[in-house]
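Participant: Just passing along the structure, written as structure tokens.
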Amino acid sequence: MNGKLVVDPEQLATAPQGRPAPSTLPATGMRDLLRFFLPLAAASMMMMFTHSVVNAALARTSQPQTFLAAHALALSMAVIVESPVMVMRQVTIALATSAARFRLIRRITGWVAAACLAMAALIAYTPLGPVIFGDFFGAPEALIAHVLPAFRVLMLMPVTSAVRGLYQGLLTRNRATLFITWGMAARVAVMAALAWAITTHRWLDGAVVGAVIFLAGMGTEGLVSMMALRIRPVRGGDWDQPGIMGYRWTLGFYAPLMVAGLMASLGKPIINSALARIPAAAPELAAFAVASALAWIVLAPCQNIHQTVMVYHGDPAARLVLRRFAVGFALVNCLILASLSWSPIGPWLITRALGVPRELVAPTLRALQLLVFLPLVLTAVDYHAGKLLQQGQTRLTGLARMANVGGLAVVAAILVFTAPGLGASIGPLAQLAGGALEASILVGMGGGFNWSRPASIMRRMLAPFRPQVRMRIPPGASAHP
């Protein structure tokens, strides 16, 4: 090799002072990786069923259609207000390397949750609420009267989300993900029991029924996570060492993630707003909603890839198995969605299991067929975002997410005006375009990209899917030429 020793630069990377440090837990193989990831995937899939529990309860109220619509609007606004708190799980995974650092993150989380709660109170109890729900969401005045009581319950979501994100982040960092599945199972059980009790005994009526059930479930999940850390407390490593990370650096790490979370919460409202402007908007909106609900049962676990990368990528011995796992998982999800889209299973699920009218089957399947490719995009985005978060580079992830939402909005607007006949398919096309743009930015600007070689962008985007050859440094040898 001409007297030069070639090594993988990632082997030489160390976390600077104050930056996220890789986990010090033992190295893993594929079995350990699956043991870590599968509980997260199961929890994500169970999460999709919690909405069905709420909808079933609202369907048994005195005005099902009105209260379902009011709950959907209240929840959409609550998710936007809650979004700055939701990213605290990633912050905890990346930075909570000691008890002192965790206390600092917990303090900052309290400030953020209080600010979100204050904003929610302004919306819930001042004329700002009717303006937002009426002008931004387009709700009629009669519906707003049912939306506001539900939002006044859901305005507590930043508090429950803060507790859940903090303690689940600590469990994830320490690879105790099975407790997260137990928390989600407890959440589903409490929501189902509460839904049965409220609808059977008629304790409540209105959109507030869904809000109470949803908030109780979130609170249960957070409580189980707190109890889990008492059962399995964090010990060893640098946990008991004093922290060296200050407020300024932590807030600098968090701020881009907050922007990214806020941008992500706007994606679906943008698509719905675009579809509302095409001819025969109602059936196309319904078809896109059904296709998304069905697809996201499969796609939801893809959003846990970045957590897996954040925990394991710091171990050079685990990177090859991590890449193989990412490509395998993406391809399996593509195959599952393809089987739903191009086989009799899809129409049967849409008509029999979901009870969708037959006239919506065709547009739903067309949208679902485009969503087949989304696992590849989501996995690539999450894999590279996880690497950057593990290295403390949150600014680039925030920029990429902003580009995603911007690209999604532009593509949706162009298709609405140039090809409105695509109908429900506009949504998946916009999502694919935004995701591809985000992946390109994460790969192209994430370091090590050679802009003079166009083929290298494809190789970098497929990084999780190719084998890695690594040369070990012999004892006493220099890592530099």
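Participant: Would you please give the FRET efficiency between Ser62 and Leu320, computed as 1/(1 + (r/R0)^6) with r the Cβ-Cβ distance and R0 = 45 Å, to the nearest 0.05? Don't skip to the answer; put the middle values down first.
Facilitator: On the way: r = 58 Å, r/R0 = 1.30.
With a Förster radius of 45 Å, E is 0.15.
Participant: I want to make sure I understand the PRE zone here: with the label point 7 angstrom from the Cα of Leu38 toward its beta carbon, which residues in region 168-183 have backbone N atoms less than 13 Å away?
Facilitator: Those under the cut-off are 178.
Participant: Then there is this: Please work out the Cα center distance from region 304-383 to region 117-153, rounded to the nearest Å.
Facilitator: 35 Å
Participant: So what J values fall out for region 208-219 if you push phi through Karplus, 6.51 cos²θ - 1.76 cosθ + 1.60 with θ = phi - 60°, rounded to Hz, Gly and Pro as x?
Facilitator: 5, 4, x, 5, 5, 5, 5, 5, 4, x, 4, x
Participant: Additional query: Would you mind ranking Asp382, Asp32 by Cβ crowding within 10 Å, fewest neighbours first?
Facilitator: Asp32, Asp382
Participant: Please compute the Kirkwood hydrodynamic radius over region 44-165, one decimal place, Å, based on all pairs of different Cα atoms.
Facilitator: Value: 15.7 Å, from the Cα pair sum.
Participant: Still on this model: Please work out how much length the chain gains when fully extended from Val410 to Ala282, using 0.36 nm per residue of separation minus the C-alpha to C-alpha distance, in nm with one decimal.
Facilitator: Using 0.36 nm per residue and subtracting the Cα-Cα distance, I get 43.9 nm.
Participant: I need the P(r) histogram for region 105-229: all alpha carbon pairs, bin width 5 Å from 0 out to the longest distance, whole percents.
Facilitator: Per 5 Å bin, starting at 0, the Cα pair percentages come out as 2, 11, 16, 17, 17, 15, 12, 7, 3, 0.
Participant: Still on this model: What is the mean projected area of the alpha carbon convex hull for region 260-469, to one decimal in square nanometres?
Facilitator: Computing the convex hull of the Cα atoms and averaging its projections yields 12.3 nm².
Participant: What Kirkwood radius, in Å to one decimal, follows from the Cα pairs of region 140-206?
Facilitator: So the Kirkwood estimate lands at 14.6 Å.
Quick note: the coordinates plus some simple rules give every number you see, no bench work behind them. Since the structure is predicted, the reported quantities are computational estimates derived from the model, not experimental observations. Glycine gets a Cβ as well: all are built from the backbone with ideal geometry, and neighbour counts include every protein chain shown.
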